[in-house]
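The values are calculated or read from the model by the stated rules, or taken from the named source; none is laboratory data. In this text the structure is predicted, and so the values were computed from the model without any measurement. Note that we place each Cβ from the backbone using ideal geometry, even for glycine, and neighbour counts take in every protein chain shown.
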Amino acid sequence: MSKTVGPYTPVVRAGDLLFVSGQIGIVDGSIVDGPVAGSLAEGGLQAQATQALANLRAQVEANGATLDQVVKTTVFLTDMGNFAAMNEIYCEAFGDSRPARSCVAVAALPLGAIFEVEAVVHVG
């Protein structure tokens, strides 16, 4: 899991809920011969969204839960023209478990990312 890019906690537990802070497509430095730790995955939306969702999964699993327990996500896109492509990538990550979701267009994201996802997880 990557370090945060700001002064916040990546996951906070409140009762039976985990609140997972926004995850962007930062590449883990442990990947052999991969990009430098802290850099965004190269390859546009496909690479960044896939990596961000993998980062989300890692945060969720590190806190004893699974993506099947995600009840709500918010996706941030810098270009709504990527909405259909994002849906395909998102569906691959979540499979048949489809949490409630909002998708918001934003002017910019940290580190120049084009995709970010945050989540609420029920662990009760």
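Please determine, by comparing only the residues of segment 75-90 that are part of a helix (DSSP H, G or I) and in contact (Cβ under 8 Å) with a residue 12 or more places away in the chain, which one is farthest from residue 47 (Cα to Cα). Looking at the filtered set, the residue picked out is 80.
Against the test of being under 12 Å from residue 22 (Cα atoms), surrounded by 12 or more Cβ atoms within 10 Å (Cβ to Cβ) and not hydrophobic (A, V, I, L, M, F, W, C), the options 82, 55 yield a single qualifying residue, 55.
Pairing residues of segment 43-58 that are over 10 Å from residue 115 (Cβ atoms) with residues that are part of a helix (DSSP H, G or I) and at pLDDT 95 or above, at Cβ distances under 6 Å and at least 6 apart in sequence or on separate chains, gives 57/67. Regarding segment 91-108, can at least one residue be identified that is in a loop (DSSP other than H, G, I, E, B), in contact with a strand residue (DSSP E or B) (Cβ under 6 Å, 6 or more places away or on another chain) and modelled with pLDDT under 95? So far as segment 91-108 goes, no, none of its residues is in a loop (DSSP other than H, G, I, E, B), in contact with a strand residue (DSSP E or B) (Cβ under 6 Å, 6 or more places away or on another chain) and modelled with pLDDT under 95.
Closer than 23 Å to residue 99 by Cβ, within 12 Å of the chain's Cα centre (by Cα) and at pLDDT 95 or above: which single residue out of 13, 57 fits that description?
57
When you check residue 36 against the structure, is it modelled with pLDDT under 75 and under 15 Å from residue 116 (Cβ atoms), yes or no? The answer is no for residue 36.
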